[in-house]
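Asks: One structure coming up, written as structure tokens, with questions to follow.
The values are calculated or read from the model by the stated rules, or taken from the named source; none is laboratory data. For clarity, every value in this text was computed on a predicted model and none was experimentally measured. Here the Cβ is made from the backbone with ideal geometry for all residues, glycine too, and neighbour counts use every protein chain on show.
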């Protein structure tokens, strides 16, 4: 009897210390993940085809507050940093965070670590919308709007199609998403076939491969609002994702209405993804790989995983975009780089993996 | 009233040859005692003995039993030897045999008809039967294939826009039965093309024949003798099934363009050959004239030019014809380090290149405003100075590898070096379209083309 | 906190209810076991009770109010369901899993607070799994996983916990661990409703038991009342035996054991004290039914004919029909039917030749006239001392054709001793119909003879 008590006490001590250590480690990791995108943001502002020293960049950034700081720096450099690099870096952060966060949310809802935000076809729909607008010689804002609209349309079609068949809702939803995605993919191929190979087709191809060249302060407003709002919502319900990932039955048993939550999360994630894709084109891999990387780093508890993937996604895309615009005189499409760089990173992370997903 | 013995017309002096400006030169008349015909002939012909049999054949084909009347002097129609490069065909003078031209001395309709007949496909046929022209010629196309062409080539399908421009440039448009046109899809271009060639609406067949796409059955319906297209075409195997010769062009550089023109001319007979040679001579003289002024410039003094594409951030690579134009005009293409076709870049890269002048092409929805009205582009000095210009086009854009591009070079040279270059865009445009397209370009059109915005 | 079900019914497909007219009342602190066969409606009932699905008939009341009138989060604070164990998609730690039980107490957009973490830790403490706190849920044993789910239910702080087959897939020690834990916990307050496969567990741990058969309540009461041999046999379709403990003059049931078919030879009839002779002795007072079972060709008919022989030798009146096989070159090519009263024999069945037949199974084509003749015999029979019906098979049980009079005879118990040949696959059906029957394995040491046994002794 006594020895049992002693055993309990000892185990409590041991676990307390260990727990304390764990908490410190966790907080350190949290801090790092929070700071990483911010640090990268400022670093990458100093990189680019046009040489600008980092001290100069700092001065330029502060110059709206006190113009004298930027005296002596060529006007072109200033405009480049403020008008070209700054919005682009910000967009990379937002889009990367969007893709990472929505990938995590979808993996939770579908209980499947192999899906990304395109499971319901939003990216394929957006690709089609953009191709259509490019074919009809639309202006850039029209391309963006069309991509956004068709992205939403694709998800709605997948969603309402799945309501027709009630017995295994999750499976049917996945299936409908894949079907709708394929449908829009085929339609996009059709548009590519019809397009003028000398100018429209390369435009469509480049758009589909993803790039942030056309970012400016004008077309960022919608992106900023939707991404920040959506990310906030996902952050607030992040713990609920744990429960949704157990399945509808258990969720209901725990007092959560899974259908309503899923609809809200899907709507939010779709808006975020559509907004991102309509600005940047199709960027694959981020939504699939970042949640895995996040799980390997902080574990599957969405309370920590979601913020982690927001941060990782933002950092990753920022890094990729900096390479895309700096390495060669011509722009390298983002979709090319995300795979080339993302896959080795994931393989390295997998080797350090603790357990399961 | 001959055009023999003139020196090669320099660009500054070239004007539309009219009857008044041609200086008379003495000829060596063959004195024969030709009997004065009893009836009044349609027109008289002055020709060397070697030319008389083919002329008779032509005459017979046209006028049946009538005999041609040959005289020694004061003829209505003169047949004489010429040198290719110096001869510019027109409605009043044409090369009907290699090195031999027919020149109209009067305005008689019969004479002009005769000249027109002599260089038409039917006339060529007559000359072939008379043994004066070969019935088959063998040429090597620009993809390296040896092609045998039965003469005369009467029915051509041209499924590549620039190639069609070549055919118009050498004056063989009457041989077309269907063609894909460059720069004729927008309403202004289409209207201009129709003015240039009234047959354009029925000839235009872009949906049937293009670089990606060849409707074999429609082609067979038109019964062509020859198909001309670009060497980059994808459907060559299909066309081979029709058993019709296919001639491939690939004119991405100035040298290749000249070669393409000459080949195009040779396909259709001596007159078109002469026109092609005339164009090549013109092209070279233009380049020479510009080089005179720009060659001494050092690299640092040359104007830096950025040639953009259908999007402001899509630029021409160093391997494209547009870069050649810039260089021939004496400028430097900032994007010459890129390779391939159109390249996508970002604004920073353009800022690093720092061009002095930005050129926007006249196709693909590109516009000057897209650049000048965009706040980000203001970081470039060229945009701030307002030096963003649109390459002109009447039908064929002046920056594409087609005969019209000679004007593109002139236009650009005048733009980049207005003080030193003496060629005048308006003057040259008139000359070019009158001569090579046989199109009386209006003053409005010239102004629209040459006024720089 | 009272949970009540009033005539609850549920049909997934309209017109095909899986639950019919189920009523129960769960008192505070009570442990209710729900037993029944697979597919009998247990899981559906639990889902209805937990308020996850809406019954298509009747209603469920929680504390007097319809359970669906509660908001889901409020309801989840009162009643929790632990579904059948399955592997989650992601490897949450044990602590995170237990923490999820706090969900009903948090708002829509809430995350767990320190207090919630403490409650989760407490729950883990209660089930004794504190050391496993940070282990991934997917890496612990089945029993530990079940305990984690119970801890989650505890963290949920609900008064009523429903558990769907908590001991399935668990080894003996884990089963014990889980059930003991539930038992200990129930003493502290919560009520449990447990669906289970194991009547023995119910015997030991349940306060009350509900026995479901085909979606309806067969029995509802204390384990002693409900877990009788008859009830169990009827519910499960097997012969069961309940082992009692005799203490202080009263007997308490201790364990339920499935009974295998008895193996006895017909010759044991001669020996007094054997089961078979006892059966015949009892038949003076109550009708005795023997089901002779076995696979095809095992010797059921042979067993019966041997019994007939011996019975006739003892002077007993034997009635009924026997269906000996007809062999040609060692292969069974036909079935005869023998009237045991007068020995008359007719060809009942031959090998099916393909094409539609009026009265046929997959292998045999029956002569309808002979079948009717057999049926006629049975109708006129009064049972005698020994009634033989060989056999009642798919035609009779499933299609209501063939020897339907035989079915009626047995249903109405118009016999003293009846031996009915029933093939193994139909034994559960037969037992569900006649749970009192004695099951005998009709395997014979005697080789099947080429001709029918001599019946000319009459």
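Asks: Return the only residue of C:274, C:293 being farther than 19 Å from residue C:317 by Cα, out of contact with any strand residue (DSSP E or B) (no Cβ under 7 Å at 6 or more places or on another chain) and surrounded by 13 or more Cβ atoms within 10 Å (Cβ to Cβ).
Replies: Of the residues listed, the single one that is farther than 19 Å from residue C:317 by Cα, out of contact with any strand residue (DSSP E or B) (no Cβ under 7 Å at 6 or more places or on another chain) and surrounded by 13 or more Cβ atoms within 10 Å (Cβ to Cβ) is C:274.
Asks: Related question: Quick test for you: out of C:92, C:117, C:33, pick the one residue that is over 37 Å from the mean Cα position of the chain (by Cα) and farther than 21 Å from residue A:252 by Cα.
Replies: C:117
Asks: Return yes when residue C:46 is away from every other protein chain (no Cβ under 14 Å) and either within 29 Å of residue C:184 (Cβ to Cβ) or without any contact (Cβ under 8 Å) to a residue 24 or more places away in the chain (or both) and no when it is not.
Replies: Considered against the rule, which asks whether it is away from every other protein chain (no Cβ under 14 Å) and either within 29 Å of residue C:184 (Cβ to Cβ) or without any contact (Cβ under 8 Å) to a residue 24 or more places away in the chain (or both), residue C:46 comes out as no.
Asks: Follow-up question, since we're still on this one. Does residue C:81 satisfy the condition of being at the interface with another protein chain (Cβ under 8 Å from one of its Cβ atoms), closer than 18 Å to residue A:249 by Cβ, in a loop (DSSP other than H, G, I, E, B) and touching a residue at least 12 places away in the same chain (Cβ under 8 Å)?
Replies: no
Asks: Can I ask one more? Does the stretch C:63-76 hold any residues that are more than 7 Å from every other protein chain (Cβ to nearest Cβ) and touching a helix residue (DSSP H, G or I) at 6+ places or on another chain (Cβ under 6 Å), and which are they?
Replies: none
Asks: Looking at this structure, is residue C:41 surrounded by fewer than 17 Cβ atoms within 10 Å (Cβ to Cβ), more than 14 Å from chain A (Cβ to nearest Cβ), on the phi > 0 side of the Ramachandran plot and touching a residue at least 12 places away in the same chain (Cβ under 8 Å)?
Replies: Judged against the criteria, residue C:41 is not a match.
Asks: On to the next question. Contact list please: Cβ distance under 6 Å, first residue in the stretch A:316-331 and within 12 Å of chain B (Cβ to nearest Cβ) and modelled with pLDDT of 85 or more, second residue assigned to a helix (DSSP H, G or I) and crowded, with 18+ Cβ neighbours inside 10 Å, pairs at least six apart or on different chains.
Replies: Cβ pairs passing all conditions: A:321/A:92; A:322/A:44; A:324/A:334; A:324/A:337.
Asks: Which ones in the stretch C:151-161 are closer than 21 Å to residue C:60 by Cα and either in a helix (DSSP H, G or I) or under 22 Å from the mean Cα position of the chain (by Cα) (or both)?
Replies: Answer for the stretch C:151-161, where residues must be closer than 21 Å to residue C:60 by Cα and either in a helix (DSSP H, G or I) or under 22 Å from the mean Cα position of the chain (by Cα) (or both): just C:153.
Asks: Restricting to the stretch B:303-337, give me the number of residues that are touching a helix residue (DSSP H, G or I) at 6+ places or on another chain (Cβ under 6 Å) and not in a loop (DSSP other than H, G, I, E, B).
Replies: Of the residues in that region, 6 qualify.
Asks: Against the definition (surrounded by fewer than 16 Cβ atoms within 10 Å (Cβ to Cβ), over 30 Å from residue C:227 (Cβ atoms) and either free of Cβ contacts under 8 Å to residues at least 60 places away in the same chain or out of contact with any helix residue (DSSP H, G or I) (no Cβ under 8 Å at 6 or more places or on another chain) (or both)), how does residue C:96 come out, yes or no?
Replies: no
Asks: Identify, by number, the condition in (1) surrounded by 18 or more Cβ atoms within 10 Å (Cβ to Cβ); (2) under 16 Å from the mean Cα position of the chain (by Cα) that residue C:194 doesn't meet.
Replies: Answer for residue C:194: the failing condition is (2).
Asks: Taking the stretch B:240-255 only, how many residues are touching a helix residue (DSSP H, G or I) at 6+ places or on another chain (Cβ under 9 Å) and closer than 30 Å to residue B:317 by Cβ?
Replies: 9
Asks: Can you confirm whether residue B:178 is touching a strand residue (DSSP E or B) at 6+ places or on another chain (Cβ under 9 Å), part of a strand (DSSP E or B), surrounded by 19 or more Cβ atoms within 10 Å (Cβ to Cβ) and in the same structural domain as residue B:255 (by TED's automatic domain parsing)?
Replies: Considered against the rule, which asks whether it is touching a strand residue (DSSP E or B) at 6+ places or on another chain (Cβ under 9 Å), part of a strand (DSSP E or B), surrounded by 19 or more Cβ atoms within 10 Å (Cβ to Cβ) and in the same structural domain as residue B:255 (by TED's automatic domain parsing), residue B:178 comes out as yes.
Asks: Something else about it: Do any helices (runs of 4 or more DSSP H) lying entirely in the stretch B:362-442 carry at least 2 residues that are farther than 22 Å from residue B:351 by Cβ, and which ones are they?
Replies: Where helices (runs of 4 or more DSSP H) fall fully within the stretch B:362-442 and carry at least 2 residues being farther than 22 Å from residue B:351 by Cβ, they are B:405-416, B:425-436.
Asks: Checking residue A:47 against (1) in a helix (DSSP H, G or I); (2) touching a residue at least 60 places away in the same chain (Cβ under 8 Å), only one condition comes out false. Which one?
Replies: (1)
Asks: Right, something else. Taking the criterion of being surrounded by fewer than 19 Cβ atoms within 10 Å (Cβ to Cβ), part of a helix (DSSP H, G or I) and modelled with pLDDT of 80 or more, would at least one residue in the stretch B:28-50 satisfy it?
Replies: Scanning the stretch B:28-50, I find at least one residue that is surrounded by fewer than 19 Cβ atoms within 10 Å (Cβ to Cβ), part of a helix (DSSP H, G or I) and modelled with pLDDT of 80 or more, so the answer is yes.
Asks: Those residues that are away from chain B (no Cβ under 14 Å) and in contact with a helix residue (DSSP H, G or I) (Cβ under 9 Å, 6 or more places away or on another chain), I need them from the stretch A:54-69; list them, please.
Replies: Those that are away from chain B (no Cβ under 14 Å) and in contact with a helix residue (DSSP H, G or I) (Cβ under 9 Å, 6 or more places away or on another chain): A:54, A:56, A:58, A:59, A:61, A:62, A:63, A:64, A:69.
One line per residue, one yes/no per condition, for (1) under 21 Å from residue A:196 (Cα atoms); (2) buried (at least 24 other Cβ atoms within 10 Å of the Cβ); (3) modelled with pLDDT of 85 or more; (4) more than 12 Å from chain B (Cβ to nearest Cβ):
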position: A:81; (1), (2), (3), (4): no, yes, yes, no
position: A:87; (1), (2), (3), (4): no, no, yes, no
position: A:96; (1), (2), (3), (4): no, yes, yes, yes
position: A:103; (1), (2), (3), (4): no, yes, yes, yes
position: A:109; (1), (2), (3), (4): no, no, yes, yes
position: A:112; (1), (2), (3), (4): no, no, yes, yes
position: A:115; (1), (2), (3), (4): no, no, yes, yes
position: A:123; (1), (2), (3), (4): no, yes, yes, yes
position: A:131; (1), (2), (3), (4): yes, yes, yes, yes
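Asks: Quick check on residue C:186: is it assigned to a helix (DSSP H, G or I), on the phi < 0 side of the Ramachandran plot and either touching a strand residue (DSSP E or B) at 6+ places or on another chain (Cβ under 6 Å) or more than 14 Å from chain A (Cβ to nearest Cβ) (or both)?
Replies: When the stated conditions are applied, residue C:186 passes them.
Asks: Please verify whether the stretch A:148-157 includes one or more residues that are in a helix (DSSP H, G or I), more than 20 Å from the chain's Cα centre (by Cα) and within 30 Å of residue C:53 (Cα to Cα).
Replies: Yes: the stretch A:148-157 contains one or more residues that are in a helix (DSSP H, G or I), more than 20 Å from the chain's Cα centre (by Cα) and within 30 Å of residue C:53 (Cα to Cα).
Asks: Also: Out of the helices (runs of 4 or more DSSP H) lying entirely within the stretch A:170-281, which hold 1 or more residues that are within 14 Å of chain C (Cβ to nearest Cβ)?
Replies: A:221-236, A:238-244, A:248-253, A:258-280
Asks: Keeping to the stretch C:84-98, report how many residues are more than 8 Å from every other protein chain (Cβ to nearest Cβ) and over 19 Å from residue A:109 (Cβ atoms).
Replies: Selection size over the stretch C:84-98: 5.
Asks: If we keep just the residues of the stretch A:293-307 that are more than 12 Å from residue A:107 (Cβ to Cβ) and assigned to a helix (DSSP H, G or I), which is nearest to the other protein chains (Cβ to nearest Cβ)?
Replies: Going through the qualifying residues, I end up with A:303.
Asks: Please go through the stretch A:138-148 and pick out each residue that is under 21 Å from residue A:193 (Cα atoms) and in contact (Cβ under 8 Å) with a residue 12 or more places away in the chain.
Replies: Passing the criteria: A:143, A:146, A:147.
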